[in-house]
Amino acid sequence: QNRIHFGYKSLTFYLYILLFNMNADKISITFDENNRIRVLDSDKYQETEKMKSECNEFIKKVLDFDETVKTLVDVLNSQANLIEEEKLKAVGARNRVEGEAEARKRKQQELNTLINEKMSELDRYTFQYDSLVKVETEQRQLIERLSNNEA
């Protein structure tokens, strides 16, 4: 068997020639201004390079947009957390206010009950006082009558 040994560059060139022979009607091999072999026409190559730079710019814009969106999401999440904290504070304040109103009602009822008990006690003491005054008056009258009888 006869083997032909090619270096890397000559193998690449051989493959280009082979592709050229296979697709001669589809591929045109040209040289650019730096004498590099090009498979595409220089116009198509320049369009491809332009498209490549536009794609890179687009990718950069998408990445910038992604960073902006991430920043916005972070800001919105922090605002949502602040809003949630404030909502909890408001609910707590409302519960305290409602609890305070109920506590005032209970305190008012307790004070009314205490007032009623004290009023009953006052009535009882007033009745007892009036009774004692009556007994005292009767006893004084009795002592006076007895004193007048002995004299």
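No value in this document is a laboratory result; all are computed from the given coordinates. All figures in this text were calculated on a predicted structure; none of them were measured in a lab. Neighbour counts are summed over all protein chains in view; Cβ atoms, including those assigned to glycine, are modelled from backbone coordinates with ideal geometry.
Data for the structure
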quantity: Inter-label distance, nm, simple model (7 Å from Cα along the C-beta direction), T126/E110; calculated: 2.7 nm
quantity: Dmax and Rg, reported as Rg then Dmax, of region 31-151 (C-alpha, Å); calculated: 50.2, 164
quantity: Net charge of neighbours whose Cβ lies under 11 Å from the Cβ of C55, counting Lys and Arg as +1 and Asp and Glu as -1; calculated: +1
quantity: Dipole axis of region 29-151 (+1 Lys, Arg; -1 Asp, Glu on Cβ), positive-most option in L132, I143, V91; calculated: I143
quantity: Cα centre as origin, Lys/Arg/Asp/Glu Cβ charges: region 34-151 dipole, Debye; calculated: 300 debye
quantity: Net charge over other residues, Cβ less than 13 angstrom from the Cβ of L76 (K, R count +1; D, E count -1); calculated: -1
quantity: Cut-off under 5 Å, modelled amide H: who pairs with R38 long-range; calculated: T30, F31, D32
quantity: Region 45-110 shape via C-alpha gyration tensor axes, a/c threshold 1.5; calculated: prolate
